[in-house]
Amino acid sequence: MTRYILRRALLAVPTLLGVSLAVFLMLHFLPGDPVLMMLTEHAGQQAPSSNTDITAEQYENMRHELGLDQPLYVQYGRFIWRALHGDLGKSFRSQAPVVDTIIDNIPYTFVLAMAGLGVSVALGLVLGIIAAINRDTWIDGATMTLAVASISMPNFWFGIMLLLIFALQLRLLPAVGPPMQLKSLILPAVALGFRSSASVARLMRSSLVEVVHEDYVRTARAKGLTERAVILRHALKNALIPVVTIVGLQFGSMLSGATIIETVFARPGIGKLAVTAVVQKDFPLIQGTILFTAVIYVIANFLVDMSYAWLDPRVRYH
Amino acid sequence: MSMAVKPTAAPITAMEGQSAKQGASMTLLALRSLARKPIPMLGLAVLVITILLVILAPVMTPYDPAKMSPTEALQGPSARHLLGTDGFGRDQLTRILYGGRLSLQVGLISVGIGLWAGLVVGSVAGYFGGWADEAIGRLIDIMMAFPGILLAMTIVAVLGISIPNLMIAVGVSSIPAFTRLIRGGVLSARENDYVLAARAIGCSDLAIIRRHLIPNIMAPILVYATLRIATAILASASLNFLGMGAKPPTPEWGLMLSESRSFIRTAWWLATFPGLAIMATVISINVLGDGLRDAFDPWMKGK
């Protein structure tokens, strides 16, 4: 198992380096001159009404400050070195360290992602089990149709509809509120998790349907157990194994979905931060948030691989 | 006297008819089986109707999608404005029809970009293997390290916010999936005897890939491309919702939903109908794609 972990960890390292290189190079592929862009932002904020003509000396100073007068590999090395020491530069807009801004927003996104994952798993398992127990009936058709409908639905539109119905019309839940409060978390979590629950439901159903052909299930039926008891007491545990792995992979779609859901519900978080940074062209913040999210995603996938190897020992010897 | 056999107009015998039927391509058989399935056919019908409606938008509605009419602002659905009007008095149905043009364009063009790039990169990786495959594999891993919409957002951040850049962003973010699919198909297809035969008669590698490998793996690729159009439409709507594509007053479904938030308390129709339009289009493509996949899947045929 240790060798497997080391092997997979070593494979993850080049991916992480590649991600960091892609994010670093972003600044160098921008249309226009990043130095001019940063100087214009600086000057505009400090004295909005003053003349923003930039002198050659200011240009060279900024170029030197950003390290853009160095060879590319030196710049990348410094970027990695600083990133590993928790320095991702300063936001153009707020001048606050990017790392601090990200750390302030992590808890909100984490809580939302976990809540969304909970909704996705709970709803997906229930729908999948109902479909499997009632397979080839109208209930099966209806639950699978609901699954197709949910993946075809834009999650931001679903969020707006939830707001409209439950917050504004029925007034059962608040439209906005303290982001860590449970009541404020319900609608965003459902909006985030509903779409992913479709994949869980379909996988749960097909996994259960496969497992019911096993001998031990035939034995349970022969003993006279109801179909419900056969599924829930005997088939479910083994059918859960592939579902557990997809749940781990769902974390990535939670991170991606949080980007939009945080905007819909005006919640703070890394996703909202990334969106605002892109729209405002705040490049240090764009780099920081995207690098952070990608690194978390790679680590999450690595942990999912490990849990899969732990659950199914055959994987380790592949 | 010539003993040449004259061509006759005699009807095809049962035996000739049988071999003609057996000779029918897999594609035709798969499409025939698809035509017998009601739900994919319903999806196809809805899609065709949607496409016709958006193409014929200027004929379907007398209103200009950008023309403001302040006196008619925020009117609910009525006989005059079937889906109501927005904050500037613009007819919502008109804007949805014109917005559909943009969504379908983005869907088709971005999938075209992903498919074309995936064909090139995936077939090189699958056919030649070795260091090319390794390098491409690492690049794909890096692209797939950006979850979901974040890769498209990164590209928009670099290129700038505009509709063409959005198409490129959505297209590029679909390259990894196409590359992996095509690479896998080429990897298994290159072991076939017809490839060996083609090499033996002196076909170049490029000719083998273009003329022999790709046509034989196109069926699952086209199925995936169909499903991917649905994903692209959703991704494009999401990016437009976030303000990373079309700018007002361009009618676009995601942008319309973003603008509807300001009026959510007073004008429920502004938030409802563009979303239903997206959903109807995407569902129809998804069920059609699912039907195509089932029709081409030989394992499913064995059931």
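Bear in mind that the values in this text are calculations on the coordinates, not laboratory data. The structure displayed is predicted, hence computed values, not measured ones. Glycine gets a Cβ as well: all are built from the backbone with ideal geometry, and neighbour counts include every protein chain shown.
What average count of beta carbons from other chains do you get within 10 Å of the Cβ of residues in B:134-145?
Mean partner shielding for this stretch: 4.
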Task: 14 Å reach of a label modelled at residue B:205, 7 Å along Cα-to-Cβ, counting backbone N of the stretch B:128-146 - done: B:128-136
TODO: Averaging sequence separations of C-alpha pairs under 8 Å and six or more residues apart, then dividing by the length of chain B, give the relative contact order as a whole percent.
DONE: 25
Task: Burial ordering of A:158, B:88, fewest other beta-carbon atoms within 10 Å first - done: B:88, A:158
Task: Packing-based exposure ordering (other Cβ within 10 Å, fewest first) of B:250, B:94, B:71 - done: B:71, B:250, B:94
- [ ] Using the structure shown, select from A:90/B:247; A:237/B:37; A:183/A:237; A:90/A:183; A:183/A:272 the pairs with a Cα to Cα distance greater than 26 angstrom.
- [x] A:90/B:247; A:237/B:37; A:183/A:237; A:90/A:183
Open item on the list: Taking beta carbons within 10 Å but only from partner chains, what does the mean come to for residues B:238-248?
Closed with: 4
Open item on the list: Could you compute the net charge surrounding residue B:230? Neighbours are other residues with a C-beta less than 15 Å from the C-beta of residue B:230; K and R count +1, D and E count -1.
Closed with: +2
- [ ] Over chain A, calculate the relative contact order: mean separation of alpha carbon pairs under 8 Å at least 6 apart, over the residue count, as a percent.
- [x] 24
TODO: Alpha carbons only, please: Rg and Dmax for the stretch A:90-246, in angstrom.
DONE: 20.2, 71
Task: Peptide B:150-163 - average C-beta neighbours from other chains (10 Å radius) - done: 5
Task: Projected-area mean, the stretch B:209-283, by convex hull of Cα positions, square nanometres - done: 6.5
- [ ] Can you tell me what the convex hull of the Cα atoms of the stretch B:111-303 projects to on average, as an area in nm²?
- [x] 13.7
TODO: Specify the angular offset, from 0 to 90 degrees and rounded to the nearest 10, of the alpha carbon long axis of helix A:236-264 from the longest principal axis of the alpha carbons in chain A.
DONE: 30
Task: Debye, to nearest 20: dipole size of the protein assembly as shown, +1 on Lys, Arg Cβ, -1 on Asp, Glu Cβ - done: 1860
Task: C-alpha long axis of helix B:175-189 to longest principal axis of chain B, angle in ° - done: 10
Open item on the list: Can you give me the convex hull volume of the Cα atoms of the protein assembly as shown, divided per residue and expressed in Å³?
Closed with: 262
- [ ] Could you line up A:262, B:259 from fewest to most neighbouring Cβ atoms inside 10 Å?
- [x] B:259, A:262
- [ ] Sequence neighbours fewer than 8 away in the same chain don't count; with that in mind, list the aspartates and glutamates whose C-alpha is under 16 Å from residue A:223.
- [x] A:214, A:215
Task: Between the stretch A:178-246 and the stretch B:124-143, the Cα center-to-center distance that results, in Å - done: 36
Open item on the list: Can you order the peptides B:281-287, A:5-11, B:266-272, B:229-235 by their average number of other Cβ atoms within 10 Å per residue, highest first?
Closed with: B:229-235, B:281-287, B:266-272, A:5-11
Task: All aspartates and glutamates inside 15 Å of residue A:281 as judged from Cα atoms, apart from same-chain residues fewer than 8 positions distant - done: A:33, A:41
Task: Electrostatic dipole magnitude of chain B [Cβ: Lys, Arg +1; Asp, Glu -1; Cα centre; debye, to 20] - done: 440
- [ ] Before rounding to the nearest 500, sum -39500 (n - 2.57) across all DSSP H runs of length at least 4 in chain A and divide by the residue total; then give [θ] at 222 nm in deg cm²/dmol.
- [x] -24500 deg cm²/dmol
TODO: Compute the signed sum of charges (Lys and Arg +1, Asp and Glu -1) over the other residues within less than 14 Å, Cβ to Cβ, of residue B:176.
DONE: +3
Open item on the list: If the reach is capped at under 12 angstrom between alpha carbons, list the aspartates and glutamates near residue B:67, excluding any in the same chain fewer than eight residues apart.
Closed with: B:86, B:91
Task: Estimated FRET transfer efficiency when R0 is 35 angstrom, pair residue B:36-residue A:8 (beta carbons, to 0.05) - done: 0.15
